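The block underneath contains the structure these notes are about, expressed in structure tokens.
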Amino acid sequence: GYLFLREMQDPVRAIYHFQRHLELRPNSPQNAQVRELIETAQKLFVRQLPASPFRNDINRLDLLEQLEAERTKTANLQARLTETERNLQRMEVALANATGGRTTNRSTTVTTPSTSTAQTRPPTVSEASPQTAPNLHRVEAGDTLSSISRRYYGTPNRWMEIFEANRDQMASPNALRVGMEIRIP
């Protein structure tokens, strides 16, 4: 309580700390409340501004354009990261296929049948590997998308892929419910 009141006396500092909380704990159950606190701190900050913070609409439009450009850059970087992770997975599967044996990668163990010929071939549909078969996970108490990602992929950073694969039953990344069955792509 006291820390909150002290932080709200300096709304810029409060916004910074609350945003850091969201960055460091993207699946925290308190994130909805933290977002409300950010909005409250933003309103407090605006109240502290002079009556006309923008001398004219041109300055305001420039700032809005800069904000939109930063949002676009962030979305592009996120898309590139996701594509890079997918390419890495494909390369790991290709490596496992090329060696004709068992290779452990970041996300799962892939077994390919060994052949007597020098050439290797990709698995057929009837030989579906664990990566091609859909996995289901029943949500347990304490599960978060990050913890589920860590369990299946070895890293908590792939939580967004799990969320995207289950958008039909999840309104937000924090919408996990105990007993829910989610797909693990």
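A short reminder: the numbers here are calculations on the coordinates, not readings from a lab. If you're wondering where the values come from, they're calculated on a predicted model, not measured in any experiment. Counting neighbours? That spans all protein chains shown, and the Cβs are built from the backbone with ideal geometry, glycine included.
What FRET efficiency do you get for A171 and R90 if R0 is 41 Å and r is their Cβ-Cβ distance, rounded to the nearest 0.05?
Numbers: r = 31 Å, r/R0 = 0.75.
Efficiency, rounded to the nearest 0.05: 0.85.
Calculate, in nm to one decimal, what E65 and A141 gain on full extension: separation in residues at 0.36 nm each, minus their alpha carbon distance.
Details: separation 76, 0.36 × 76 = 27.36 nm, distance 4.30 nm.
Here the answer is 23.1 nm.
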How much length, in nm to one decimal, is gained on full extension between Q42 and E23, taken as 0.36 nm per residue of separation minus their Cα-Cα distance?
-> 5.1 nm
Amide proton proximity set for I184, modelled H, under 5 Å, gap of 5+ = N135, L136, H137
